[in-house]
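The values are calculated or read from the model by the stated rules, or taken from the named source; none is laboratory data. What you see is a predicted model, and the numbers here were worked out from it, not measured in a lab. Note: ideal-geometry Cβ built from the backbone for every residue, glycine included; neighbour counts use all protein chains shown. We work out accessible area using only protein heavy atoms, side chains counted, and drop any ligands, DNA or RNA first. Shrake-Rupley method; radii C 1.70, N 1.55, O 1.52, S 1.80 Å.
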Amino acid sequence: MKVQNILVSIAMLFFLTAASFAQQVKTDYDRTANFAQYKTYSWQKVETKDPLWSDRIKSAVDSALTAKGWTQVPTGGNISLVATEVTTTQEALNTYYNSFGGGRRFGGGFAESTTTPEVYRVGTLVVDMFDAQTNKLVWRGSASDTLSNKSDKNIKNLDKGVQKMLKDFPPGESKKR
């Protein structure tokens with residue numbers, strides 16, 4: 001019985017740790033903007049510390065917008081795109097409990113806990129869409145996820161995050177269907 005309780009506790013710990021590192025995607029937009037008028041876009045800039053990621057970000061966003069029927073043009077699009085990538089270091093404290101002894105939980109035995117810090121990197125991509133005529137921000141999306149030491153995994157997470165970010169884009173389209 002005690003072994004089963006320990007296994008359940010370990011399983012819950014892994015589940016909660018994985019859930020805390022799940023990709024977070026947020027979007028917001030100007031409720032007065034008429035997205036039906038926008039069909040073309042141009043890249044204004046991509047800000048990233050690693051130049052290799054500039055083309056990867058553009059490719060992921062281009063693919064998602066092309067699937068929505070939008071067309072990229074070198075200059076003069078209806079929308080100007082700005083993408084910003086930011087990497088931060090975060091720390092989580094993980095506490096593990098071992099209980100020994102008989103009786104109810106903590107009733108007849110003793111419990112020992114160990115807390116260990118876990119440092120990890122989080123990457124966030126912010127994509128802004130500006131009306132090219134007015135320079136007014138009309139849409140913003142962000143995706144954050146824990147970064148891996150493996151470039152291929154990060155690229156896969158980038159693609160997944162951009163797809164989630166633009167899933168219900170343009171705003172209001174899914175309600176019309």
- Out of the residues in region 42-60 that are under 18 Å from residue 73 (Cβ atoms) and among the small types (Gly, Ala, Ser), state the one that is nearest to the chain's Cα centre (by Cα). 59
- Residues in region 107-122: is at least one open to solvent by less than 60 Å² (accessible area, probe 1.4 Å), part of a loop (DSSP other than H, G, I, E, B) and at pLDDT below 95? no
- State all residues of region 124-149 that are open to solvent by less than 30 Å² (accessible area, probe 1.4 Å), farther than 14 Å from residue 86 by Cα and hydroxyl-bearing (Ser, Thr, Tyr); if no residue qualifies, say none. 148
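Consider region 45-71. How many of its residues are touching a strand residue (DSSP E or B) at 6+ places or on another chain (Cβ under 9 Å) and surrounded by fewer than 16 Cβ atoms within 10 Å (Cβ to Cβ)?
Number of matching residues: 8.
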- Note on the structure: For region 20-49 the number of residues that are assigned to a loop (DSSP other than H, G, I, E, B) and either in contact with a helix residue (DSSP H, G or I) (Cβ under 9 Å, 6 or more places away or on another chain) or of a type in the set (Phe, Trp, Tyr) (or both) is 4
